[in-house]
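Step one of this worksheet: look at the structure below.
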Amino acid sequence: MRKKIKKAIPVRYHDGLSQLRPNAGGIDIGASEVWVDVGNKDAEPTRMFETFTADLNRMGDWLKSCGIQTVAMESTGVYWIPVCQILESKGIEVYLVNAKQAKNVSGRKSDMLDCQWLRILHSYGLLPASFRPTKDIGVLRAYMRHRQMLIEYAAAHVQHMQKALTQMNLQLQHVISDITGWTGMKIIRAIVAGERDRRRLAALRDARTKANEETIAKALEGDYRAEHLFALKQSLELFDTYQKQIASCHEQIEQHLKSLAMKADTAELKAARKVKKKRRNQPEFSIREQAFRISGVDLTQIHGIDETAALSLIAEIGVDMNAWRTEKHFSSWLALCPNIKISGGKILRRSTRKSANRAREILQLCAQSLLRSHSALGAYCRRMCGRLGTPKGIVAAAHKLAVLVYRMLKFGHQYTDIGQERYEQQYKQRVLQRLARKAQDFGFQLVPCPEKQVP
């Protein structure tokens, strides 16, 4: 078979590249020193500054004296934050770029060469800026990330309490669903206070607990040791401390949310899709109302997205979707679309690229909750998991959620669930139409079978 000859694609590049940003600089950031390059704007184009505040201010004044209007820097840990804040306060535009897109040329690698290479790429417009939310949303993002860190620390001490109970052969975590619930905490606090009678401890159970007093009393018969009781006491104290810190963080989040600009009045908010009981780490204020007030849409109407997930998404991506031209750009930023690599006409890989995007993680957790949802999105998630496998199906459902979130925040659309049954009917119609077209291509006609007569 003769090989098909492909037509040549017109060249999209030209020999001479013109500088788009002649007044550009490059910065390589480290923990203790910062290297800056300004090109031919100064007799000493490359300088090194320490990371003390006075030195960073001196660096900003030097960049202003050289006529630098914009600089590019890599997002190295959290070291870039004070540098970015000081430069922006002096009126210098900062491009925070991805380190993967600014790899150095082959040769000896040093901080001096890195800052020069960043300046060259940035002056020719070859480095796209990473997404950074507005200042107000950035503050909300910091609060929400700190809240998540506190919750993770508290969860670690819950595991420490479980370990201490297991070492004393107290099988409390096997008879109640959550040892940090009302019954579990009452029993643990009584044990720490010195109570050892298992009958009295079992009498502390709540009436809603499935296990009866006899079962709980049997689980609380163990070998009480001083060293394990000491570990249990300290873990309980640390857990209570983090619960107080989480409550204080919630108060700070509420105050900041009230200071943000209002896009919609909470009087326009419709009734909640489903009222759930309050969880332990859920704030006292109404997250749903505050998220609706600052975004103008109710993201909790989408199945799988609860109140906390909606506020976390707003903290990560903001309420202005103009940073992404289309929903495809938004999905690509989230790393929820295939990263197809083709060489020689062959597809080498098509899986999604690795990413530490927090918004992606939130959407995947929301998509995982759709597996048991009796909604159109639930049916879509189960169909994707059945066809692609559970991991890929969850990614596909997360992509679906990302598109819905983008359209709601971008255009102000309201989400309405069509239901599981109607979704299945529409999917069946699409399959039948596809089969009919395929049969017509082969010269056949798709004819439905007559219904069987029931005797």
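The values are calculated or read from the model by the stated rules, or taken from the named source; none is laboratory data. Here the structure is a predicted model, which is why all the values come from computation and not from measurement. Because the Cβ atoms are built from the backbone with ideal geometry, glycine has one as well, and the counts that use them run over all protein chains shown. To get the accessible areas, we keep the full protein, side chains included, count just its heavy atoms, and leave off ligands, DNA and RNA. Shrake-Rupley method; radii C 1.70, N 1.55, O 1.52, S 1.80 Å.
Within segment 209-216, can one find any residue that is part of a helix (DSSP H, G or I), open to solvent by 30 Å² or more (accessible area, probe 1.4 Å) and under 19 Å from residue 156 (Cα atoms)? No, there is no match, as no residue in segment 209-216 is part of a helix (DSSP H, G or I), open to solvent by 30 Å² or more (accessible area, probe 1.4 Å) and under 19 Å from residue 156 (Cα atoms). Please verify whether residue 138 is without any contact (Cβ under 8 Å) to a residue 60 or more places away in the chain and open to solvent by less than 50 Å² (accessible area, probe 1.4 Å), treating the condition exactly as stated. Yes: the conditions hold for residue 138. Taking every residue in segment 194-214 that is within 14 Å of residue 172 (Cβ to Cβ) and of a type in the set (Gly, Ala, Ser) and pairing it with any residue that is open to solvent by 50 Å² or more (accessible area, probe 1.4 Å) and outside any loop (DSSP other than H, G, I, E, B), at least 6 positions away or on another chain, the pairs with Cβ-Cβ distances below 9 Å are 202/213; 202/214; 202/215; 202/218. For segment 338-379, taking the residues that are touching a Ser or Thr at 6+ places or on another chain (Cβ under 7 Å) and in a loop (DSSP other than H, G, I, E, B), the one that is most open to solvent (accessible area, probe 1.4 Å) is identified as 338. Cβ-Cβ contacts under 6 Å between residues 6 or more apart (or on different chains), taken from a first residue in segment 154-172 that is open to solvent by less than 30 Å² (accessible area, probe 1.4 Å) to a second residue that is polar (S, T, N, Q), are listed as 157/235; 158/180; 161/235. So which of 268, 307 is buried (at least 16 other Cβ atoms within 10 Å of the Cβ) and more than 18 Å from residue 410 (Cβ to Cβ)? Going through 268, 307 in turn, the sole match is 307. Among the residues of segment 161-182, those identified as of a type outside the set (D, E, K, R), part of a helix (DSSP H, G or I) and under 17 Å from residue 222 (Cβ atoms) are 161, 162, 164, 165, 166, 167, 172, 173, 174. The conditions of being in contact with a Cys (Cβ under 7 Å, 6 or more places away or on another chain), within 25 Å of residue 148 (Cβ to Cβ) and among the small types (Gly, Ala, Ser) are not met by residue 323. Scanning segment 26-68 for residues that are closer than 17 Å to residue 93 by Cα, free of Cβ contacts under 8 Å to residues at least 40 places away in the same chain and either among the β-branched types (Val, Ile, Thr) or open to solvent by less than 60 Å² (accessible area, probe 1.4 Å) (or both) yields 56, 57, 59, 60, 62, 63.
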